[in-house]
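Here is the structure we will look at.
The values are calculated or read from the model by the stated rules, or taken from the named source; none is laboratory data. For clarity, every value in this text was computed on a predicted model and none was experimentally measured. Here the Cβ positions follow ideal geometry from the backbone for every residue, glycine too, while neighbour counts run over all protein chains shown.
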Amino acid sequence: MIFDAEIAYNELYAHFGNLVRRNEPLARHCTFGVGGPADVWVSVDKPEDLVGLVTLCAERRWPLLITGNGTNVLYADAGVRGVVARVAINAYTLEERDAETAFLTVGAGISWPRIINELAPKGWGGLEFGPGIPGTLGGGVVSNAGVHGHDLGHVLEWVDIVDARQCEERAVAPTVVRYSHDELELSYRHSRFRAQRRVQFDGEGNPIAAPTN
Ligand SMILES: Cc1cc2nc3c(=O)[nH]c(=O)nc-3n(C[C@H](O)[C@H](O)[C@H](O)COP(=O)(O)OP(=O)(O)OC[C@H]3O[C@@H](n4cnc5c(N)ncnc54)[C@H](O)[C@@H]3O)c2cc1C
């Protein structure tokens, strides 16, 4: 596979404009402030844009790494060859079910501190154990983030994901798949998404297939 960063940047710039950057230092996007450049970096703030990005990368066979706030990643000095996408989908809806219960549907890019700060003053609880977790809720699903005996799995009903696994074998579009709580294989700091990690990076930042076990 040959990844042409200039072509990828120009195509993505046409759609995402200034949300796309070339040779972006990943040190700017992780808590520990380390890491070399991503060939192409993009911030995605709408669900349909995320589906579009994953579809384009699958069609073009561009390597794609999805990230949240970068609070649980360490990037190598070599950076990443390919596209790094920061999920910044922050929109949410709160549907009141009765006087004491509401159902929160939230974008993967919202941070724990922000959602708690916005909902707690209105009297809603459920996530209040997590204000010290600095990442996004999407990143929190991957590791079933939690603290003090509580975790996201205690309040999570379902997750919609963009599944591009089938695109590795055939020229088909990614699909949006809903996993219910019981399908997420949640346990202490674990979900099915941790178990199914499919990529690692070599010393030059090129993605390589991870061993299956
Ligand atoms: C000071 C500090 C305190 C912390 N305290 C806690 C704690 O109390 N409890 C706890 O559980 N964790 C804690 N963490 C770890 C971290 O905050 C959590 O793991 C958090 O959930 C990571 O979210 P993130 O958005 O930063 O993910 P990132 O670090 O950006 O990504 C983590 C992994 O998830 C993947 N990923 C992220 N978002 C998505 C997405 N939308 N779709 C697909 N894959 C995605 C990335 O590829 C990466 O593999 C702490 C970290 C720090 C620095």
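For residue 169, are the conditions met, namely being over 18 Å from residue 90 (Cα atoms), surrounded by fewer than 13 Cβ atoms within 10 Å (Cβ to Cβ) and touching a His at 6+ places or on another chain (Cβ under 9 Å)?
no
Could you identify the single residue in 119, 104, 50, 94 that is of a type outside the set (Lys, Arg), farther than 19 Å from residue 3 by Cα and within 15 Å of the ligand (Cβ to nearest atom)?
Answer to the check: 50.
Which of the residues belonging to segment 49-89 are within 10 Å of the chain's Cα centre (by Cα) and hydroxyl-bearing (Ser, Thr, Tyr)?
Within segment 49-89, just 67 meets the criteria.
Regarding segment 150-168, can at least one residue be identified that is in the same structural domain as residue 108 (by the TED database), of a type outside the set (A, V, I, L, M, F, W, C), at pLDDT 95 or above and near the ligand (Cβ under 6 Å from one of its atoms)?
No.
Considering only segment 75-90, how many residues are surrounded by fewer than 18 Cβ atoms within 10 Å (Cβ to Cβ) and either acidic (Asp, Glu) or closer than 17 Å to residue 39 by Cα (or both)?
Matching residues across segment 75-90 total 3.
From the list 34, 40, which residue is touching a helix residue (DSSP H, G or I) at 6+ places or on another chain (Cβ under 6 Å) and assigned to a strand (DSSP E or B)?
40
Could you tell me whether residue 194 is of a type in the set (D, E, K, R), under 20 Å from residue 83 (Cβ atoms), surrounded by 11 or more Cβ atoms within 10 Å (Cβ to Cβ) and not assigned by the TED database to the domain that holds residue 74?
no
Is it the case that segment 147-157 has a residue that's within 18 Å of the chain's Cα centre (by Cα), under 24 Å from residue 76 (Cα atoms) and not hydroxyl-bearing (Ser, Thr, Tyr)?
Looking for residues that are within 18 Å of the chain's Cα centre (by Cα), under 24 Å from residue 76 (Cα atoms) and not hydroxyl-bearing (Ser, Thr, Tyr), one finds none in segment 147-157, hence no.
Can you say whether residue 58 is crowded, with 19+ Cβ neighbours inside 10 Å, within 13 Å of the ligand (Cβ to nearest atom) and of a type in the set (A, V, I, L, M), as far as the supplied structure shows?
no
Scan segment 3-12 and give yes if some residue there is within 13 Å of the ligand (Cβ to nearest atom), modelled with pLDDT of 95 or more and either in contact with a Gly (Cβ under 8 Å, 6 or more places away or on another chain) or of a type outside the set (A, V, I, L, M) (or both), otherwise no.
no
Could you list, in sequence order, all residues of segment 77-101 that are at pLDDT 95 or above and hydrophobic (A, V, I, L, M, F, W, C)?
78, 80, 83, 84, 85, 87, 88, 89, 91, 94
Determine if segment 125-137 includes at least one residue that is free of Cβ contacts under 8 Å to residues at least 12 places away in the same chain and among the hydrophobic types (A, V, I, L, M, F, W, C).
No, that holds for no residue.
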